[in-house]
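Comments concern the structure below.
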Amino acid sequence: WLIEALPAGGRIGFDPWLHTLAEIERLTLAVARRQLTLKAVPANLIDRVWGEARPATPASPVIVQPLAHAGVSGADKLAALQKRLKEESQDAVVLTLPDSICWLFNIRGADVAHNPVTLAFAIVPAKGKAELFIDAAKITPAVAQHLAPLARVQPPKDLVPRLKALKAEGRKVRLDPETAAFAIARALGKT
C-alpha cells in the first residue's frame, strides 16, 4: 500500500525497535523501485499518542527453572555457546528472543501472555561472564543467587551503550538479522 500511495521520492518512518534488520532490508528493496526511502525515527509516534495512558511495561517476577525440568545447567549451556563462538572466531553473540534467553539461563517469567518468558536481552562473550539486560525489579534474591555465576544483571537502558562499546572495540558480534531489532544492528554498526 505504501508503495502505491506515496509519491516517488517519499520517505517512510519506522520504529527501529519494532522492525528487524532483515525486515528493513527487504522493505528497502521493495520501496526502492518507487524511489522511496525508509528512515528510522527517534521516537515512536504511537508512544507519543499514548502519553500517560500507555500501559506499563510487563514486570512479572522471574523464576528459576529447576534443573530437573531444564535438563542442562545454565553454566553448561553457556559453556557450549562460548565454545561455539570461539570455534567460529566470534567475540560475542547478542540474544534478543525471550525464549532463547530464558532457555539459556534456565529462567522463566510471565511477561508475555500464554508464554513462560521474561522480556530481556543478553550479550554472551566468547569468554567471560554473560550480561543479562533486564529490569532489576523482576529479580528476586533467589533469582539473583541463581544468575550470579552466569551473568551480570544490567538495566535495559545500558544495552545500547554496551553494543556501541563492542562496535568501538572492533568486536565480531553474532546477531540474527531475522529476529534482532534494527536498532540493535545499528548500534553494532551492521546497517
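The values are calculated or read from the model by the stated rules, or taken from the named source; none is laboratory data. In this text, all values refer to a predicted model and were calculated from it rather than measured experimentally. All Cβ positions, glycine included, derive from the backbone under ideal geometry; neighbour counts span all protein chains shown. SASA here: full protein model, heavy atoms, side chains in, ligands and nucleic acids out. Shrake-Rupley method; radii C 1.70, N 1.55, O 1.52, S 1.80 Å.
A compact table of results
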| read-out | value |
| --- | --- |
| Degrees between helix 74-87 axis and first principal axis of the chain (Cα, 0 to 90, nearest 10) | 60 degrees |
| Between segment 92-170 and segment 45-83, the Cα center-to-center distance that results, in Å | 7 Å |
| Of all DSSP beta bridges in segment 1-136, antiparallel share, percent nearest 5 | 70 percent |
| Contact order relative to length of the chain, as percent, for alpha carbon pairs under 8 angstrom and 6 or more apart | 25 percent |
| Subset of 129/172; 77/164; 86/129 violating a 24 Å alpha-carbon distance limit | 77/164 |
| Neighbour-limited loop hits for trypsin sites (Lys or Arg not before Pro), segment 131-179 (at most 16 other Cβ within 10 Å; DSSP other than H, G, I, E, B) | 171, 172 |
| Positive-pole candidate from 19, 188, 106, dipole of the chain, charges at beta carbon | 188 |
| Average accessible area per residue (Å²) across segment 51-117 - probe 1.4 Å, nucleic acids and ligands excluded | 58 Å² |
| Accessible carbon and sulfur surface of segment 38-191 relative to its total accessible area, %, 1.4 Å | 58 percent |
| Calculated diffusion of segment 84-147, Stokes-Einstein form, Kirkwood radius summed over Cα pairs, 37 °C and 0.692 mPa s, µm²/s | 260 µm²/s |
| Sum of -39500 (n - 2.57) over DSSP H runs of 4+, divided by residues of the chain (222 nm, nearest 500) | -10000 deg cm²/dmol |
| For the chain, alpha-carbon Rg over 2.2 N^0.38 Å | 1.16 |
| Packing-based order for 76-89, 15-28, using average beta carbon neighbours within 10 Å, highest first | 15-28, 76-89 |
| Accessible area (Å², 1.4 Å probe, nearest 10) - residue 41 | 50 Å² |
| Segment 38-109 - Debye-derived log10 I(q)/I(0), Cα point model, q = 0.15, 0.24, 0.25 Å⁻¹ | -0.75, -1.07, -1.12 |
| Cα-centre dipole for the chain with unit charges at Cβ (Lys and Arg positive, Asp and Glu negative), debye to 20 | 540 debye |
